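Peer 1: My structure is below; once you've seen it, I'll send some questions.
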Amino acid sequence: MARPRKPLLSRDRIIGAASALVDAEGLDAVSTRRLAAELGVSGPSLYNHFHNKDEILDAVADGVSAKVDLSMFDPADGRDWRTALHDYAVSYRAALTEHPNVVPVLARGPGRRPAGLRVADAVFGAMVRAGWPPAQATYIGALMRYFITGSALGSFASGFVDDEAAYDPADYPHLGQAHLLAERRQQVDEGAFEAGLRALLDGLALQYAQLRTVRRTPKSH
């Protein structure tokens with residue numbers, strides 16, 4: 001009988017293996033040698049698809065960006081700009097929550113990554129169509145990325161130990177319940193994200209109303 005052939009090496013197989021490594025062990029776990037071993041191939045064969053580790057990590061990050069729902073920015077969708085930004089932020093954060101270890105790569109910006117650039121293009125285009133000046137639309141795209149990726153870089157709640165003795169009331173009179181935060185991580189972190197997102201969008205709505213008022217005010221001669 002003929003020996004079973006090994007699956008052909010492809011970009012998708014490499015990205016899948018790298019993504020699994022990043023999810024399980026973090027960015028530092030990825031190396032061309034480690035990936036080659038995981039895939040059962042020789043190290044140099046990876047270079048037929050990627051020049052180096054950074055290109056592989058870019059591809060992993062772009063796979064996460066590709067999971068972000070952008071339907072709310074379609075001109076035919078019908079959601080107003082504020083609702084669209086809210087729904088986009090929720091979708092983006094959900095994608096990052098599934099793959100938290102890759103967030104530092106995404107936080108650097110899209111670079112040349114196709115899916116990341118599609119995200120930036122969709123946000124900017126939708127804001128301009130909604131009436132924001134291009135400069136302001138750029139700022140909005142930036143601040144949304146800052147807020148969303150920042151919220152995914154670490155958990156506020158899990159930053160507190162669950163040892164009540166660590167919070168001596170003589171030293172920390174207001175942290176008497178801090179030891180309970182870790183066990184309520186999801187509730188605290190999701191609540192903080194929604195509160196921050198609402199505050200951000202409320203502020204933008206005020207700016208948008210002022211912008212429209214200025215545009216409607218007739219110039220005196």
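The values are calculated or read from the model by the stated rules, or taken from the named source; none is laboratory data. Everything quoted here is computed from the prediction, not taken from an experiment. Cβ coordinates were reconstructed from backbone atoms using ideal geometry, including for glycine residues, and neighbour counts include every protein chain displayed. Remember, those area values only see protein heavy atoms, side chains included, never the ligands or the DNA or RNA. Shrake-Rupley method; radii C 1.70, N 1.55, O 1.52, S 1.80 Å.
Peer 1: Highest mean first, how do 70-82, 158-170 rank when packing is the count of other Cβ atoms within 10 Å averaged over residues? Can you show the working numbers first?
Peer 2: Working: 70-82: 14.8, 158-170: 11.8.
Top of the packing list down: 70-82, 158-170.
Peer 1: Tell me the carbon and sulfur percent of the accessible area for the chain, rounded to whole percent, probe radius 1.4 Å. Mind showing how you got there, number by number?
Peer 2: Values: 7340 of 13470 Å².
Result for the chain: 55 percent of the exposed heavy-atom area is carbon or sulfur.
Peer 1: Next up: If you take every residue apart from Ala205 with its C-beta less than 13 Å away from the C-beta of Ala205, what net charge results, scoring Lys and Arg +1 and Asp and Glu -1?
Peer 2: On the way: positive: Arg82, Arg198, Arg212; negative: Asp80, Asp202.
After counting each charged neighbour, the total is +1.
Peer 1: Also, quick follow-up: For Ala157, what is the net charge nearby, where nearby means another residue's Cβ is under 11 Å from its Cβ and Lys, Arg count +1, Asp, Glu -1? All intermediate terms of the calculation are to be shown ahead of the outcome.
Peer 2: Working: positive: Arg184, Arg185; negative: Asp162, Glu183, Asp189, Glu190.
After counting each charged neighbour, the total is -2.
Peer 1: Test of understanding: what is the full-extension gain from Arg82 to Arg198, defined as 0.36 nm times their sequence separation minus their Cα-Cα distance? The partial results should precede the final answer.
Peer 2: On the way: separation 116, 0.36 × 116 = 41.76 nm, distance 0.98 nm.
Computed gain between Arg82 and Arg198 is 40.8 nm.
Peer 1: Something else now. Starting from the 7 Å offset along Cα-to-Cβ, what nm value, one decimal, do you get for the label separation of Asp28 and Ser10?
Peer 2: Calculated label separation equals 3.4 nm.
Peer 1: To continue, here is another question. If we count every other residue with Cβ under 12 angstrom of Ala66's Cβ, Lys/Arg +1 and Asp/Glu -1, where does the sum land?
Peer 2: Numbers: positive: Lys67, Arg113, Arg118; negative: Asp62, Asp69.
Residues near Ala66 contribute +1 overall.
Peer 1: In addition: Across the Cα atoms of the range 1-107, what radius of gyration and what greatest pairwise Cα-Cα distance (Dmax) are found, in Å?
Peer 2: Just the Cα atoms of the range 1-107 yield Rg and Dmax of 17.6, 63 Å.
Peer 1: Let me ask something additional. What is the P(r) of the chain, as percent of Cα-Cα pairs per 5 Å bin from 0?
Peer 2: All Cα pairs considered, the percentages come to 1, 6, 12, 13, 13, 12, 11, 10, 8, 6, 4, 2, 1, 1, 0, 0, 0, 0, 0.
Peer 1: Roll a 1.4 Å probe over the protein chains and send me the accessible area per residue for the chain in Å². Walk me through the numbers before you get to the answer.
Peer 2: Working: 13470 Å² over 221 residues.
Each residue of the chain exposes 61 Å² on average to a 1.4 Å probe.
Peer 1: At R0 = 35 Å, how high is the FRET efficiency between Arg112 and Gln136 if r is their beta carbon distance? Nearest 0.05 is fine. Could the numbers behind the result be given before it?
Peer 2: Values: r = 26 Å, r/R0 = 0.73.
Once rounded, the FRET efficiency stands at 0.85.
Peer 1: Could you please put His49, His179 in sequence from largest to smallest accessible area, using a 1.4 Å probe? Before the final figure, lay out each step's value.
Peer 2: Working: His49 60, His179 30 Å².
Listed by decreasing accessible area, they come as His49, His179.
Peer 1: For the range 64-76, just list the computed ³J(HN,Hα) in residue order, Karplus coefficients 6.51, -1.76 and 1.60, θ = phi - 60°, integers in Hz, with x standing in for Gly and Pro.
Peer 2: Each residue's phi maps through the Karplus curve to give 5, 4, 5, 7, 6, 6, 10, 4, 5, 9, 5, x, 8 Hz.
Peer 1: Just to be sure I understand the model, the point goes 7 Å from the Cα along the line to the Cβ. What's the resulting Ser71 to Ala20 distance in nm?
Peer 2: 3.0 nm
Peer 1: Let me ask you something else. Considering only C-alpha atoms, what is the centroid distance from the range 1-77 to the range 130-208, in Å?
Peer 2: 31 Å
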